[in-house]
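So the structure is just underneath, and the comments pick up after that.
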Amino acid sequence: MGIKLAELAVRYGCELHGDPDQVVECVGTLQSAGAGSVSFLANRAYRKHLAMTQASAVILAADAIEECPVACLVADDPYAVFASVAADLHPAPALLPGVHSTAAVSSSAIVPATCEIAAGAFIGANAQLGERVYVGPNTVIGADVKIGADCRLMANVTCYQDIRMGNRCIVHSGAVVGADGFGIAQTPTGWRKVPQVGRVKIGDDVEIGAGSTIDRGAIEDTEIGFGVKIDNLVHIAHNVHIGDHTVIAAQSGIAGSTRLGARCMLGGHVAVSGHLEICDDVYFLGRASVTRSINSPGTYSSVIGVEEAGKWRKLAARFKRLEEMAAKLKSLDRNSKNEQDRGS
Amino acid sequence: MGIKLAELAVRYGCELHGDPDQVVECVGTLQSAGAGSVSFLANRAYRKHLAMTQASAVILAADAIEECPVACLVADDPYAVFASVAADLHPAPALLPGVHSTAAVSSSAIVPATCEIAAGAFIGANAQLGERVYVGPNTVIGADVKIGADCRLMANVTCYQDIRMGNRCIVHSGAVVGADGFGIAQTPTGWRKVPQVGRVKIGDDVEIGAGSTIDRGAIEDTEIGFGVKIDNLVHIAHNVHIGDHTVIAAQSGIAGSTRLGARCMLGGHVAVSGHLEICDDVYFLGRASVTRSINSPGTYSSVIGVEEAGKWRKLAARFKRLEEMAAKLKSLDRNSKNEQDRGS
Amino acid sequence: MGIKLAELAVRYGCELHGDPDQVVECVGTLQSAGAGSVSFLANRAYRKHLAMTQASAVILAADAIEECPVACLVADDPYAVFASVAADLHPAPALLPGVHSTAAVSSSAIVPATCEIAAGAFIGANAQLGERVYVGPNTVIGADVKIGADCRLMANVTCYQDIRMGNRCIVHSGAVVGADGFGIAQTPTGWRKVPQVGRVKIGDDVEIGAGSTIDRGAIEDTEIGFGVKIDNLVHIAHNVHIGDHTVIAAQSGIAGSTRLGARCMLGGHVAVSGHLEICDDVYFLGRASVTRSINSPGTYSSVIGVEEAGKWRKLAARFKRLEEMAAKLKSLDRNSKNEQDRGS
């Protein structure tokens, strides 16, 4: 499993300082890495740990070479190179092709011999898997689903019927793709369910975090673009479109029919209202409440951080009296103008 | 599967404009519907698409008849009629009664022959299902659970022991009904778990979204009223009561022992504190923080929407200095009064 | 199952008022408890129900003895004693040791004969369970996982590979332990996944709520201390450390690499940003947004509760004009000083 630094330098176009025959076998942090480990320096805050590192090699930017006590691979973007090196050293476990005896695979499903279908998995009628798909234990794939090559659906994932998923996607445990959108019509006798007949279409290279839910469209499809990365416990409502390479951190939610542009970034706990248009390259900081469309790229926020509770209580009370403050200010302003008039 | 417009007009009491023999087979949006589709116009924002629609028929209100280029069904509430028509055209898949060979059904459970128990499902001791219940793949129903007729528990649902569920409920994948409430007692050596011995009682016609959790009561029951609709990733804590026909959008949470009235509506990401009483007909806008009981019907909010981050940072900093602003205002007011006294 | 009050008094060191031979068999609230039930009074708000209770006995503090119409057990901390009594009266169901015929247990896994492995459960290669572990229906335990004695993993739980869990832990349905952290590196062609090679280490006596997700570390481990209690739908990101006896209420999230101290308490919907240090004994009220490290024990908040929507709209609009208010205030202050200068 070990790789020589010379090989890594060639593979990723890095300048190498140190012994080209040094072999690295795993990754480590600057603080904890030992012999045989490769580490990286990408975040300035960790630079203080560089001088003491016991890693066998460090991936870093040119400006840190001199402080590095061990071999180093110099990269313009050390974190991106580290990601590749880490994948080389810690590849996903190899598939064990075949269908477990306790899996229930519909006779009309298409499951290439290169796939691994784990214990207790269910694959519905007419579902089609690409080559080398991993379906984890107790994962359920509904009828008519189409999944591209090299996807990995971990344990206890649920895909409802008729979903489309691209190649090389990863879906983590507990995630639910294609449940009914929240479509209900008010009637005098209560809420009437509106059938959700759209699908979910997912591009290539998408990762969906544990426990996240992506609802199927009401009529047309919910669409997740290429390279989208979704963290845990995220909710994507029906008819939402997520542009390519957008990333969404944990516990954020996108309400129905909203369109997020490409390369957007959402921090954790972001709430985006329904029927909005968010343009490309918008960054919402954590806990942002997005209640209007955004047509200008940039960073947006609406979070106010904690204060000690006694202090906060006073601030919140002041906030609730902002109307009175504004009225008082207006009255003072009027008085002041009168004074000035009298004075002049 | 197709239905004549004449038949729909009679069934739902709609005035029909156009060919009564026109058959519709599926639903579509005004923009995308093609021949054989029925669409609807309920939201004013979509009216601009009506004139160009290629649907075979549109369900709409009387004031839009003249703009409709195709057949139309006139309804007081087009969306509610659309919901019914959509259900006629896209019924839930028919059950395949029987118990899959890989399901594990306790010999003491009562499972009518009209039920479909899918692969890998588990049904515990003394559980009782009503007629025509669907239990999806790998769904787990605990001991002593009672489920009414025509319920549909999709794949990978979990019902803990001794739950009561009414008729015609739908529970989506990943939902967990009846897990222990968060009951812990502080002791000098740490937190001691308080056994949660209540149940969850769910009325008829309830829908529970994907990944939502409804905890069992600590001593008495957690209760979900009739016709309640719960979106995805919603948390309902122990001892909560939800009134009939209340709807709760995604990622909202109701803390322990709170009682929500009937016909309430909660937007997404709403947080309701524990031990509160919310009266009937209260509407909380998305991201609302409900920290006190509400005894007057109406709409309530506490959200502040995003601003560009630089602007926001200044506003948040001002907020943190509201006490100083108030003090300054008070001092100016005093000065102004003194000035006036002197001036008079 | 019944226990005599005399026995409970001895067991928990309580003074007993009333018949020592009275037997109690179950718990109840002051309002609903009937003959054979034991209730408790811990929250002042419920004291009004004491005089009318029909419980056979009440656990209460000394100051309430005189108002109690039935037998009572006097305790310094009635709720903690009640927790113990409730556990005596309502013990977790006894295990049925053995492996269900539909479970899939790897031949290299170590599963003591005292364990109960329910239907459809999966236990991966080289996994090791302690004595008397319960693995619920359709729960998945990955390869190389080590689980301590007396743990209970309810139905539909997922543990990824190589997790470490202490003794007496409870993991509720839908929870996912050890999914990949959200590690991605930006590149010119999109986001590159960073392999997550750390583990999750969980102490003794930890409870993890339904649908919660605890990600594995990127390089080093995510760590959950002893006695930590986690409610439903909580997200714990990679590399987070949670100190001993900290409790986290529902739908809260802790972003990557943050360290929470011991004995902290997080209300519901709390969001803690990444790379922060929170000291011991910090209490965050519900919906708090924690955007900076906290090094002083105490209570912190950032929630503003709802107002009627019309009133709120005005307050939010005023908030957005705080900069203008501040400028106006400054200008008035300057004028006032000038007036005073002129006046003097």
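The values are calculated or read from the model by the stated rules, or taken from the named source; none is laboratory data. Predicted model only: the values in this text are computed from it and were never measured. Every residue, glycine among them, receives a Cβ derived from its backbone with ideal geometry; neighbour counts consider all protein chains shown.
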Within the range A:191-206, restricting to residues that are away from chain C (no Cβ under 14 Å) and either in contact with a Phe, Trp or Tyr (Cβ under 6 Å, 6 or more places away or on another chain) or more than 18 Å from B:V171 (Cα to Cα) (or both), the one that is surrounded by the most Cβ atoms within 10 Å (Cβ to Cβ) is A:I202
Taking the stated definitions as given, is C:D231 of a type in the set (D, E), out of contact with any helix residue (DSSP H, G or I) (no Cβ under 7 Å at 6 or more places or on another chain) and surrounded by 24 or more Cβ atoms within 10 Å (Cβ to Cβ)? yes
Those residues that are among the hydrophobic types (A, V, I, L, M, F, W, C), buried (at least 21 other Cβ atoms within 10 Å of the Cβ) and under 28 Å from the mean Cα position of the chain (by Cα), I need them from the range C:31-72; list them, please. C:A33, C:V38, C:F40, C:L41, C:V58, C:I59, C:L60
For the range B:1-82, list the strands (runs of 3 or more DSSP E) that sit wholly inside it and hold at least 1 residues that are within 12 Å of chain A (Cβ to nearest Cβ), under 17 Å from A:A185 (Cβ atoms) and of a type outside the set (S, T, Y); which are they? B:37-40, B:57-60
Where a residue in the range C:104-126 is at the interface with another protein chain (Cβ under 8 Å from one of its Cβ atoms) and its partner, wherever it lies, is surrounded by fewer than 20 Cβ atoms within 10 Å (Cβ to Cβ) and modelled with pLDDT under 95, with Cβ under 9 Å and at least six apart: none
Considering only residues that are out of contact with any Phe, Trp or Tyr (no Cβ under 9 Å at 6 or more places or on another chain) and among the polar types (S, T, N, Q), look in the range B:170-190 and name the one that is nearest to A:Q196 (Cα to Cα). B:T187
Out of curiosity, is A:R342 facing another protein chain (nearest Cβ under 8 Å), over 22 Å from the mean Cα position of the chain (by Cα), at pLDDT 95 or above and farther than 18 Å from B:G305 by Cβ? no
When the range B:252-268 is checked residue by residue, the ones that are within 12 Å of the chain's Cα centre (by Cα) and not small (G, A, S) are B:R263, B:C264, B:M265, B:L266
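Being under 19 Å from the mean Cα position of the chain (by Cα) and without any contact (Cβ under 8 Å) to a residue 40 or more places away in the chain narrows it down to one residue among A:A309, A:A317, A:A249, A:A237; which is it? Give the steps one after another, and end with the answer.
Details: A:A309 fails: under 19 Å from the mean Cα position of the chain (by Cα); A:A317 fails: under 19 Å from the mean Cα position of the chain (by Cα); A:A237 fails: without any contact (Cβ under 8 Å) to a residue 40 or more places away in the chain.
From the options A:A309, A:A317, A:A249, A:A237, the qualifying one is A:A249.
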If I filter the range B:112-134 for residues that are of a type in the set (D, E, K, R) and assigned to a loop (DSSP other than H, G, I, E, B), do I get at least one hit? yes
Options B:A309, B:A271; residue that is more than 10 Å from chain A (Cβ to nearest Cβ) and either modelled with pLDDT under 95 or closer than 25 Å to A:V270 by Cα (or both): B:A271
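For the range C:212-240, give me each residue that is within 14 Å of chain B (Cβ to nearest Cβ), closer than 11 Å to C:I254 by Cα and of a type in the set (S, T, N, Q).
Of all residues in the range C:212-240, those within 14 Å of chain B (Cβ to nearest Cβ) come to C:212-213, C:224-235.
After this cut, where a residue has to be closer than 11 Å to C:I254 by Cα as well, the list is C:213, C:234-235.
Across the range C:212-240, the qualifying residue is only C:T213.
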Working only within the range B:137-189, note down all residues that are in a loop (DSSP other than H, G, I, E, B), closer than 18 Å to B:V240 by Cα and either more than 13 Å from chain C (Cβ to nearest Cβ) or aromatic (F, W, Y) (or both). B:Y160, B:G166, B:F182
Filtered residues of the range C:229-245 (kept if farther than 18 Å from A:G211 by Cβ and in contact with a Gly (Cβ under 7 Å, 6 or more places away or on another chain)): C:N239, C:I242, C:G243, C:D244, C:H245
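May I ask you to list the residues in the range C:275-306 that are under 19 Å from A:S289 (Cα atoms) and either out of contact with any Phe, Trp or Tyr (no Cβ under 9 Å at 6 or more places or on another chain) or surrounded by fewer than 19 Cβ atoms within 10 Å (Cβ to Cβ) (or both)? If you could, list the steps in order and put the result at the bottom.
Quick first cut of the range C:275-306, residues under 19 Å from A:S289 (Cα atoms) only: C:286-291, C:301-306.
Hits for the range C:275-306 are C:G286, C:R287, C:S289, C:T291, C:G305.
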Do you know which residues across the range C:73-109 are surrounded by fewer than 14 Cβ atoms within 10 Å (Cβ to Cβ) and under 25 Å from C:D162 (Cβ atoms)? C:S107, C:S108
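Among the residues of the range B:241-263, is there at least one that is more than 23 Å from C:S32 (Cβ to Cβ), in contact with an Asp or Glu (Cβ under 7 Å, 6 or more places away or on another chain) and either surrounded by fewer than 24 Cβ atoms within 10 Å (Cβ to Cβ) or more than 10 Å from chain A (Cβ to nearest Cβ) (or both)? Step through it out loud before you land on a result.
Let us first name the residues in the range B:241-263 that are more than 23 Å from C:S32 (Cβ to Cβ), namely B:245-253, B:263.
Those still in the list that are in contact with an Asp or Glu (Cβ under 7 Å, 6 or more places away or on another chain) too: B:248-250, B:263.
Checking the rest, the ones that are also either surrounded by fewer than 24 Cβ atoms within 10 Å (Cβ to Cβ) or more than 10 Å from chain A (Cβ to nearest Cβ) (or both) come to B:263.
Within the range B:241-263, one or more residues are more than 23 Å from C:S32 (Cβ to Cβ), in contact with an Asp or Glu (Cβ under 7 Å, 6 or more places away or on another chain) and either surrounded by fewer than 24 Cβ atoms within 10 Å (Cβ to Cβ) or more than 10 Å from chain A (Cβ to nearest Cβ) (or both).
Go through the range C:283-306 and report how many residues are charged (D, E, K, R) and more than 7 Å from chain A (Cβ to nearest Cβ). Steps first, please.
If we filter the range C:283-306 for residues that are charged (D, E, K, R), which is where we start, we get C:287, C:292.
Checking the rest, the ones that are also more than 7 Å from chain A (Cβ to nearest Cβ) come to C:287.
Qualifying residue count for the region: 1.
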